[in-house]
Each structure stands twice: as C-alpha cells, then as structure tokens.
Amino acid sequence: MAMRKLLSLLGVVLAGLLMGGVAGQEPGREVVADTAPYRIHTLFSVECQNYFDWETVGLMHSFRKAKQPGPITRLLSCTDEEKKDYKGMDLAPTLEVPSMSRHPKTGDWYPAINKPAGVVHWLQHSKDAENVDWVVILDADMIVRGPILPWELGAEKGKPVAAYYGYLVGCDNVLAKLHTKHPELCDKVGGLLAMHIDDLRALAPNWLSKTEEVRDDRDHWATNYTGDIYGTGWISEMYGYSFGAAEVGLRHKITDNLMIYPGYTPREDVEPILMHYGLPFSVGNWSFSKLEHHDDNIVYDCGRLFPEPPYPREVNEMEKDPNKRRALYLNLECINTINEGLLLHHAAHGCPKPKWSKYLSFLKSKRFAELTQPKQLTPKSREMMEVEEEKKQDVVEKKQDVVEKKQDVVEKKQEVVKKKQDVVGEPEKWHPKIHTLFSTECTPYFDWQTVGLVHSFHQSGQPGEITRLLSCTDEDLKEYKGHDLAPTHYVPSMSRHPLTGDWYPAINKPAAVLHWVNHVKTDAEYIVILDADMIMRGPITPWEFNAAKGKPVSTPYDYLIGCDNELARAHTRNPGSCDKVGGVIIMHIRDLKRFALLWLHKTEEVRADMGHWAKIFTGDIYESGWISEMYGYSFAAAEMNMRHVISNEILIYPGYVPVPGVNYRVFHYGLEFRVGNWSFDKAKWRHMDVVNKCWEKFPEPPNSSTLDRSNGETLSRDLLSLECINTLNEALNLHHERKKCPDPNSLPPPVRKAPNPPSLSPPPPRKIPNDRPLLPRLKRETEREIISASKKIGENDEIDNNVEHLSEMKNNESEELAPPAENSQAFSSMRFWIIGLWAFSIVGFVAVMAMMICRRKGLRKRGKGYKTKRRTSYSES
C-alpha cells in the first residue's frame, strides 16, 4: 500500500515536471500553460463569406501546426439572412455575434466594426472569458509560425504587446487631440495584440465607441489626417483601438519583429512568428493577392488549391543572396501552409482523394514538414521598439560622449588634411565611406541619362561606388536591353500604385531608396542621392559640405512654397522645420534608414491630397501633383525635425549664370538651355534611343571659340552649357566604343523617311575622332575660360529667378517633341524633288488650261459657220 502511494506521488511529480517544460517556462519561475495565471485564449473575427472561410482554414491549420497553447474562438458576425445559406459553421470553434456591418443606428456600412463589437460580445457572453488570464487577438488573414505567449513577449498587466503600424499618423496630429483626452498616449499599433484579460475588459467598450466616433468624423477622413491612402475612413477601427487604449491609459510594448508581411525581408537574426498576407507578394513569375480570391469558394470545391508556387530548389537557383532567399522562403511557407490546410480540410469532409502530383507530394514530404515546424523566438525577435525613459537618458549621454570624441578626431584629421592639400586623387582612408544612388526606369529616356551620369561619376573623382535603382515591371524587364549600363539594384515598379492604381512614376524614387536600404548591406556611412538627369563635375563629399548625423546636406528648391503655407501644416507636425530642398542629398545611413519609409508614406499622403494640388499651395505650375515626391521628402524630414545644411555651391542648371568663383559639382539639365541658335531640351529626347543605335549622339553645339566674349556673364553661362552637352556626347561616344560599334566612317549615310528639321542646328557629317579629349581636360579648359570671364563681372551676381525657368519648363514641355537634326545632304535632296514636283505641277496645269481654251475657240468658230449656212438655205427657199 505504501509502495502504491509512493508510485502515485512520483507520477504526480513527473507529470508536474513534464508540464513545467511547456513552452513559456522562465528561469526561476514555474510556467504551466493553460493553468492560472497562464491561461491563454486566441480570438479572431470574420463574417459569413467565402473570403473569410478560406482564410479561416489557413489560420486554423497554422494555429494547430504552431502548437499554440489554449483554445481559439472565431467571432462570426453574420446577419440572419446570411446564416440561412452559410456552410462553414464547422470550420473553427465559433461564437456567433450579431452583425454590425450595417450600423443599427446610423445605417453606415462598415464591416470592420465587427472586430471590436465581436470582442465586446465575447467578453459579455462567453464562459471562456471568465477562465482566462491572457488574450491574443489576430486577423483572419494571418499564418501562425510559432507559439505566441504574451508573458514570453514581455506583456504585463497594463502593458500589452502589439505590432507596429507606422502609417497611423493620426496619433501625431489633430485627429488624436479630437478623439482622446490623452493624445500623448496614442500608440501606432495593430495586427498582433497580446494583453491581460483585465486590460481587454477595460479597453473593449472604448475600442467600439471610439471606432464609431472616428467613423462618424468624416471631416477628418482625409489622408493627411489618417494616413489612409483611400481617404474613406476604412481604418477607423484601427484608430478606435489606439484611441480607446489611450483613453484607459494603456501603453504598449511595440514590436516590428514578431509579425511580417510576405514579400518583405526579415531582419537578420529575427524569426517572425506571425505572417500577415494583407498585401500582394510574389516569387519569380508567380504571385498571390488575397483580393483576387474575394469570392472564391475554394473551401467547398473538392481538390482545388491555390496556384502552386515555385519549389525551394527553384528559389535557391533564383536568388543567391541568403537574406533575400529567406524572404522568398517565407512567401512559399505562407501559401503552402494555406494549401496544406485546404488539402486536409477537403479530406476531412469526404472529398475523393486527389490525383498524385509533384506538388501534393511536396506538401506531404518530410522536407516541407521541416521547413514549417514551429518557430521559436530569438533574442532579436523579443526586442521592443519602446525604450524606457531611464535607458533613453543613458543612451543620450553615451551618444554625447561619442560625439565629443568624434569631434576631437575630426579636428585632428582636419590638421592632417591641411598638410596634404597638394595631394590629388582619392580621399584619405580616414574619411567616411560614401555610396551614390540614383533612380531610373526601363526606358531609353533614362538609359542615355544613365550613360551620362555614370561616365561623369567616374571622371569626377567621387569616392565610393554608384548604384542605379532600376524600377521596372516584369513585362518591362523582359524587353529591356540596358542591364549593363550601370551597377544596378532592381526594384519592383510603383509607377502604377499597387493599392490605389494611381499612375505616378516619381514615387519610384523614395520606394527604390527604401527597397535598397532594406535589401542591401552597405558599409558606407554617408549616402549621396542624385537624379538621373545630372552630370557630375567634381566630388560631392560630406566632409566638404559639412553633413553630419541628423544634419543632411541638400540644394535649394525655392519653388516649394508649400513649406510656408497650410500644405505643410496639414502634412507635418513640425511645419517650421520644413526645408525647401531637393536635387542633391547627402545623408547619414542611419538617418536614411529611419527616414526612407516616412519619405514614401509622405509622398503617398501628399499625392492623395488632391484638394491641395493647386499652384497657390504647391507652386506646381501644372497643378497635377507631380512634385508630391519633393514635398514627401521635405515633410518627412520636417516630421523627424531633421534640418538641412542648404548649399548653393553644389548644383547649377545649364543656362543659369554662375556665381563667380564657385566650383559647382553637378549640372542638373532639367530645363532647356541655349547657346546662340543652338538649344537642348531633354524632354525632346524622351522617346529617342541614342544608346542602342551605334554612334547616335546629340546635335553638336557651337565651338567655344565662336562664343561672344564681350559679355562675361553670357560667356560663363555658355561655357558651362557646352561642358554639359559635350560630356553627354562624350559619354555616348565611349559607350558605343565599348559596344564595339563598327567604324563610323564605313557606315552608309543615314536615310530618313520623313525629314522634320527641328529647332536644333544640324550636326556636321558624323565623324568620331579617336583622339577626342576626356572630361578632366575638357573641364580644365572650360574652367580656365570661366575664370577669365568671371573677372569681367562683379561679385554677388544673382542667379536667374527659379519661377521664370519653371515657366520656361512649362512652355518646353508643351512643345511637340522634335527628332534629332537630319543629314543636310538628305534634306537638300528632298528639297530638290519638292521644287521639281511643284514646277511640274504648274507646267501641267498651264498645258491643260491651254488645251481647254483652244478647244473652246474651235467650237465657237464651228457654231458661227453652221448658223450662216442655215440662213443661206432659208433665203434660197
């Protein structure tokens, strides 16, 4: 008997030890999931639709596969009419909730309100709510990859854990002040929510009431208030949560490591435990978007799965970069988990066994099981974005120490520089590393600009490397020929916005910079960002123009008047920090990593704010929102209180009068410029392929020896204009040589079908001399002439007003695009034939008229003789 009691006691101890090993155990503290105080319950909200049914199947399958402890409840919001025909009651443990899609009082159609309404109903009517300590709230369009344990994530009573939703800009502006007494407590969170049951009880009623309140506030639905690119109040429920939490004093531990959108690249050493497939994602030519399956009854269609994606082996061949390959694996895991869930669901509901296929075999394979086994949190995954106030102060003090030390080092190095001023060439090794970026698209227009910029980059002595950010659609890439024009980082095109459908190619610039920052490892400390339509004349370095961390350098764009009016007040909390800058940017890499996403969001925000496109707000003479990206940059910088060092000595437009003594580093040929009767306008070459046609180039400008030297200002201006176009032509010439184009002297003269002489003076017969001077020599000669010309003009001369040149740009854009100048011989030949045809037509016309006149005279004579005859015959009778 005693032995039996001893064995029973040992059994209890062993069971306790085994249960103590459940996920969630912490050192020095016994954690047993599903026992107080670690009872956990998972909730998600859906409606009676096919769309939510296949999402439910995917979520439920991943929930079981991830071995998430505790029960899960689907909050099913349906009308009585919908329930009559609904087939999916057995898809998950379910609590039926009265539908509020159509608000019972206002009649407003807003299905998203069912989420807080469902949570309130669960708290009031479910017995499970009485026997739980922690609640995890998910969305239906999610895949669970590993156990979500609030106590492991760092959640505490009064401090829930949530995922970061950075686009909820209403937490920072008047929207929060209108809808909560504590706007300073508003957190930009959503998606994944893990909190104590007591916090949820306090929060839920406010979550619902604040959702109704924000939804009813139509005056503040605009993008500049909410960040909602549709401006339709669709994210009112998200603001309802944030404002409701602020109202009851909840502050979140915020993380952007636990949840990831398929298509995004995870950070190094971070293992996301949740995937949210709310956006389209792709692997090679395969892609998936949940919106394309909104009415798909795939749950009830036996044997049918979503289109099979590529296999892991194909991804290995497709992508060599391990981090990018990891992102593609996540995409595969997401869709394959959903398909595996559908396959098991069909089998459980009596569907016939599907025919064997390679894909079905893979889903049942050991390899797939290994790839999708439950993921555990890594130390990096546990890191929160929130920093305690005490730690912040320590960090600030440490940074100040570092800054002071760096300042000492800089001063010492400046002394070294002074001793080495006679050394010409690469900067000293101690200088921070630099990387230069510029953004383009897959068009001939950007190709010739790329050739010019990259050539000038290598000739300018700019330190570091250069990368072209190439934004193209998959269709464009199939036909594209210019892959070798520059070191290239490929970026998905956002010319047609994936959510709004808005056509706005300029958004590719911030989108491409963000993509590069997130996907490329760089050891560069400073990033220089240029436009494609630029020519470099010399190095652009942070140490020369005084860039620093938190203090980027840029060039003045004075026409951005929106920084001074209500446009800035609508789009940034700090309108006083808005700088009118653009063109050339020098920024510390850490600033850029924090800044890039906000730059993109602000661009989307300004672009969506059509009510402020007018010239009086933006200074945009076209009033088409085309400079939204420029304002996106300035407003994002203002939002971060990042003020610029603004330099007038970096950039000049060809055609502007230079300030004497300034060594400009960049030409920006965005506007038409002239030298005498010759002119150049980049817009007229938008559809001309001068890169892929051998020996094509731009019309030769006048020789510098022919310029009028009586006016020093005009001479300086014209010499710079010549330098710009000559550098472009030199770049094209060297490009054609590298392409091993045939000897130009052996080519037959070009034949044009329809000559159309443009305003540009025609070039001489094509000859490409082998001894053509390179840029340094050309630049030195030009600079000598400019210096001599500058002596004739006084100091403090002003550059032409920007607005006048913008007006010129408007006129230039409206002109019909002209082709390159035609060969003079072909034109003369055509003129000869036109004159000949004209002369022949006149001679023919005269001959025909003469014949008609002669014939008419003959008829008259015959008529007279006939009448005389008749009179004679009558008289005789």
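The values are calculated or read from the model by the stated rules, or taken from the named source; none is laboratory data. Predicted model, so just to flag it, every value in this text is computed and none were measured. Note that each Cβ is placed from the backbone with ideal geometry, even for glycine, and that neighbours are counted across all protein chains shown. For the accessible areas, the whole protein counts, side chains as well, though only heavy atoms, and no ligand, DNA or RNA atoms are used. Shrake-Rupley method; radii C 1.70, N 1.55, O 1.52, S 1.80 Å.
As a fraction of the 1.4 Å probe accessible area of segment 229-293, surface on carbon and sulfur atoms comes out at 49 percent.
Taking H294, H612, H687 and ordering them by how much accessible surface each has at a 1.4 Å probe, largest first, produces H687, H294, H612. Here the dipole of segment 37-141 is about 280 debye; that uses its Cα centre as origin and unit charges on the Cβ of Lys and Arg (positive) and Asp and Glu (negative). Of L377, L597, the residue with the largest accessible area leads and the full order is L597, L377 (1.4 Å probe). With point charges of +1 on the Cβ of Lys and Arg and -1 on the Cβ of Asp and Glu, referenced to the Cα centre of segment 452-609, which listed residue (A511, F595, P539) lies farthest in the positive direction of the dipole? My answer, from the dipole projection, is F595. Estimated at 0.36 nm per residue, the fully extended path between T378 and K366 surpasses their Cα-Cα distance by 1.9 nm. Using R0 = 41 Å, the C-beta based FRET efficiency linking K615 and T232 works out to 0.90. Across the accessible surface of segment 441-544, with the other protein chains kept in place and a 1.4 Å probe, carbon and sulfur atoms take up 51 percent. Cα extents for segment 233-288 along the principal axes, largest to smallest and rounded to whole angstrom: 47, 32, 12.
Is the shape of segment 485-591 best called rounded, prolate or oblate, per the rule: a/c under 1.5 gives rounded, else a/b larger than b/c gives prolate, else oblate, with a ≥ b ≥ c the square roots of the Cα gyration tensor eigenvalues? Note, shape of segment 485-591 comes out oblate. Given +1 at the Cβ of Lys and Arg, -1 at the Cβ of Asp and Glu and no other charges, the dipole of segment 169-253 around its Cα centre is 160 debye to the nearest 20. Using the 1.4 Å probe convention, the accessible area of segment 244-330 works out to 46 Å² per residue with neighbouring protein chains retained.
Placing +1 on each Lys and Arg Cβ and -1 on each Asp and Glu Cβ, with no other charges, gives segment 84-171 a dipole about its Cα centre of roughly 240 debye. Cross-link pairs exceeding 22 Å between alpha carbons, from the set K433/K593; K181/K602; K67/K87; K67/K364: K181/K602; K67/K87. The solvent-accessible area of M142, taken with every protein chain present and a 1.4 Å probe, is close to 0 Å². Determine, from the Cβ-Cβ distance of S126 and T500 and an R0 of 56 Å, the FRET efficiency 1/(1 + (r/R0)^6), rounded to the nearest 0.05. Once rounded, the FRET efficiency stands at 0.90. A dipole drawn for segment 90-197 from +1 and -1 charges on Cβ atoms has a positive end, and of V136, Y110, W122 the residue lying farthest that way is Y110.
For the listed peptides 271-284, 504-517, 79-92, 237-250, a ranking on the average number of other beta carbons within 10 Å per residue, highest first, reads 237-250, 504-517, 271-284, 79-92.
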